[in-house]
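K.L.:
There's a structure below that I have some questions on.
The values are calculated or read from the model by the stated rules, or taken from the named source; none is laboratory data. Not measured: the values here are computed from a predicted model. Positions of Cβ are backbone-derived with ideal geometry, glycine not excepted, and every protein chain shown enters the neighbour counts. When the accessible area is computed, the model is the full protein with side chains, heavy atoms only, and any ligands, DNA or RNA have been set aside. Shrake-Rupley method; radii C 1.70, N 1.55, O 1.52, S 1.80 Å.
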Amino acid sequence: MAVPPSTYPRRLLPLFLGLFQGALLLFFALFVTYDEPSAQAEDTSLVANQVYSTFPFFQDIQVMLVVGLGLLLTFLPRYGFSALTHNFLLLSFSMQWALVLQGLLHHFHHGQIHLDLHKLLLSEFAAVTVLISVGAILGRASPCQLLVMATCEIPLYLASEWVIVTCLGVLDVGGTITIHVFSCYFGLGVSKALFRATQQPLHPKETPTTSSDLMSLVGTLILWVFWPSFVAVLCQPGDAQHRAILNTLLAMSASAITTVVASSLLDRDGKLSPGHLQNGSLAGGVAIGVLADTAVPPAAALALGSLSAVLCVLGFRFLTPLLARKLTLHDQCGIHNLHGLPGILGAAASVAAVLVAPTDSSGSRPSQLSPAGGNASAVLEGHWGSRGAGGQALCQAAGLAVAAGASLLAGLLTGSALRLPCLARPPERLCFEDSLYFKIHDQAESPGPDSSAEEGALALKEQV
């Protein structure tokens, strides 16, 4: 008996995930192992110290991504289940996929990949790019489309990061350029290609409610609290990590206050916009990442946080409507305002910081611009002592250009692939709707008066 075509999309998701997890299980069984137990007491103590110093940061990042970012995406009132679940699913999927690719590219020795906490952390950083990028098309894409997008984005991110960090020698400990700028313009490229030149009208289910905005604001608060761990986890323990935490806290506190000021001034009645608070308060954490572990003056961290918040709020008020009107560019979560504009500002600040840093009597830069603690002068020589301040500033600018340009082009190509009919893009009338993917019992039992006949039938079919 032939299977009705309407059931194909529902079978595609479990088939895709089942094949993926089965293939990874086989790969891990054949090629992935843990390091041999340390025989000497000194080695055992070193491993223990690394775990104790890294795992608390790792836990903070887990809370950020699973809880904080998940709740931030619940501003769509009828898409909360989907936003939280798809965010969680993409994190798990992307982290495993990145772990495999990173292992094959960088850690494959003698037929084995030795797994440790640091490699898992790096794979989670790669997964962050996917979680940010999907914000541009949130609610208008199917789970299969999101998974294909993640499959394409992870290897492209790893290639971009290798070019920016390894080849160009860009200093970016907090991922301002490599993560935030890349993921922003990748997501915008996907959105532009997926929806092409069609103007996306305001959907009736797209307007936030008081309860959905409140849940999203709770997500912002969680992200705000744990953001310093995200920036500082890859810094050298000691002075550099200490500076990263302080600079991030200063920048984010300034962005929170400035967001309130800017949002209030832009409103005729002086009232605050929940959307501005949800995003502008985090803009300082995006911008400061590229300079977080450098000994910039505390006033510079505050100024950078304030400027990033102003850019974010102005972007939501003026730039997003302009891009939608002139370029028909759809950006559901405003990732350009939170990740793109502050990311560009942070990259520009890093160029200025390199150029204005004072020199010592020998003409080289002092340790205050070194990206690591301890033997700062050695690190300095290895990174940009030979190319000079002008050369390093040029590399910082080139890294920004590579991250934005390459990600935008890759996003356009990926978005074109997502238009395949087999990936089950939801029809416009069923976008931003949890009942398309979940059993919503109250809606299934008593569809509301505003529900369409197709939605009611879909809910009853789900219940059966």
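K.L.:
Restricting attention to the range 141-148, does a residue exist that is within 29 Å of residue 52 (Cβ to Cβ), over 12 Å from the mean Cα position of the chain (by Cα) and open to solvent by 10 Å² or more (accessible area, probe 1.4 Å)?
P.N.:
No, every residue in the range 141-148 fails to be within 29 Å of residue 52 (Cβ to Cβ), over 12 Å from the mean Cα position of the chain (by Cα) and open to solvent by 10 Å² or more (accessible area, probe 1.4 Å).
K.L.:
Name the residues in the range 39-61 that are in contact with a helix residue (DSSP H, G or I) (Cβ under 8 Å, 6 or more places away or on another chain) and either open to solvent by less than 50 Å² (accessible area, probe 1.4 Å) or at pLDDT 95 or above (or both), would you?
P.N.:
Hits for the range 39-61 are 54, 57, 58, 60, 61.
K.L.:
Among the residues of the range 381-391, are any at pLDDT 90 or above, in contact with a helix residue (DSSP H, G or I) (Cβ under 9 Å, 6 or more places away or on another chain) and open to solvent by less than 30 Å² (accessible area, probe 1.4 Å)?
P.N.:
yes
K.L.:
Can you find a residue that is of a type in the set (S, T, N, Q), out of contact with any Gly (no Cβ under 6 Å at 6 or more places or on another chain), closer than 25 Å to residue 203 by Cα and surrounded by fewer than 23 Cβ atoms within 10 Å (Cβ to Cβ) anywhere in the range 232-254?
P.N.:
No, because not a single residue in the range 232-254 is of a type in the set (S, T, N, Q), out of contact with any Gly (no Cβ under 6 Å at 6 or more places or on another chain), closer than 25 Å to residue 203 by Cα and surrounded by fewer than 23 Cβ atoms within 10 Å (Cβ to Cβ).
This table checks each residue for (1) assigned to a helix (DSSP H, G or I); (2) open to solvent by 50 Å² or more (accessible area, probe 1.4 Å); (3) modelled with pLDDT under 75; (4) more than 18 Å from residue 81 (Cα to Cα).
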| residue | (1), (2), (3), (4) |
| --- | --- |
| 416 | yes, yes, no, yes |
| 419 | no, yes, no, yes |
| 432 | no, no, no, no |
| 435 | yes, no, no, no |
| 439 | no, yes, no, no |
| 442 | yes, yes, yes, no |
| 449 | no, yes, yes, yes |
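K.L.:
Please verify whether residue 281 is closer than 16 Å to residue 314 by Cβ and out of contact with any Gly (no Cβ under 9 Å at 6 or more places or on another chain), treating the condition exactly as stated.
P.N.:
yes
K.L.:
For residue 130, work out the one condition from (1) surrounded by fewer than 23 Cβ atoms within 10 Å (Cβ to Cβ); (2) at negative phi it doesn't fulfil.
P.N.:
(1)
K.L.:
Now a separate question. Looking at (1) under 30 Å from residue 81 (Cβ atoms); (2) at pLDDT below 95, which is the only condition residue 236 fails?
P.N.:
For residue 236, the failing item is (1).
K.L.:
For residue 59, which of the numbered conditions (1) more than 22 Å from residue 438 (Cα to Cα); (2) touching a Phe, Trp or Tyr at 6+ places or on another chain (Cβ under 7 Å) fails to hold?
P.N.:
(2)
K.L.:
Let me ask something additional. Only one of 99, 76, 115 is under 30 Å from residue 245 (Cα atoms), among the aliphatic types (A, V, I, L, M) and surrounded by 20 or more Cβ atoms within 10 Å (Cβ to Cβ); which?
P.N.:
Within the list 99, 76, 115, the selection yields 99.
K.L.:
How many of the residues in the range 255-298 are open to solvent by less than 40 Å² (accessible area, probe 1.4 Å) and assigned to a helix (DSSP H, G or I)?
P.N.:
Of the residues in that region, 22 qualify.
K.L.:
Suppose we filter the range 327-356 for residues that are within 22 Å of residue 134 (Cα to Cα) and either of a type in the set (S, T, N, Q) or without any contact (Cβ under 8 Å) to a residue 12 or more places away in the chain (or both); how many remain?
P.N.:
3
K.L.:
Here is a further query. Working only within the range 315-341, note down all residues that are over 13 Å from residue 275 (Cα atoms), out of contact with any His (no Cβ under 8 Å at 6 or more places or on another chain) and either surrounded by 18 or more Cβ atoms within 10 Å (Cβ to Cβ) or basic (Lys, Arg) (or both).
P.N.:
325, 326, 329, 330, 331, 336, 341
K.L.:
Tell me which residues, restricted to the range 239-268, are touching a Phe, Trp or Tyr at 6+ places or on another chain (Cβ under 8 Å) and either basic (Lys, Arg) or without any contact (Cβ under 8 Å) to a residue 60 or more places away in the chain (or both).
P.N.:
252, 256
K.L.:
Okay, moving on. Regarding residue 344, is this residue of a type outside the set (Ser, Thr, Tyr) and out of contact with any helix residue (DSSP H, G or I) (no Cβ under 6 Å at 6 or more places or on another chain)?
P.N.:
yes
K.L.:
Picking from 401, 353, which residue would you name as being at pLDDT 50 or above, aliphatic (A, V, I, L, M) and within 30 Å of residue 148 (Cβ to Cβ)?
P.N.:
401
K.L.:
I'd like the full set of residues that are charged (D, E, K, R) and open to solvent by less than 40 Å² (accessible area, probe 1.4 Å), limited to the range 159-214.
P.N.:
Of everything in the range 159-214, those that are charged (D, E, K, R) and open to solvent by less than 40 Å² (accessible area, probe 1.4 Å) turn out to be 172, 205, 206, 213.
K.L.:
Which is among the aliphatic types (A, V, I, L, M), open to solvent by 20 Å² or more (accessible area, probe 1.4 Å), in a helix (DSSP H, G or I) and modelled with pLDDT of 95 or more, of 105, 89, 65?
P.N.:
The conditions single out 89.
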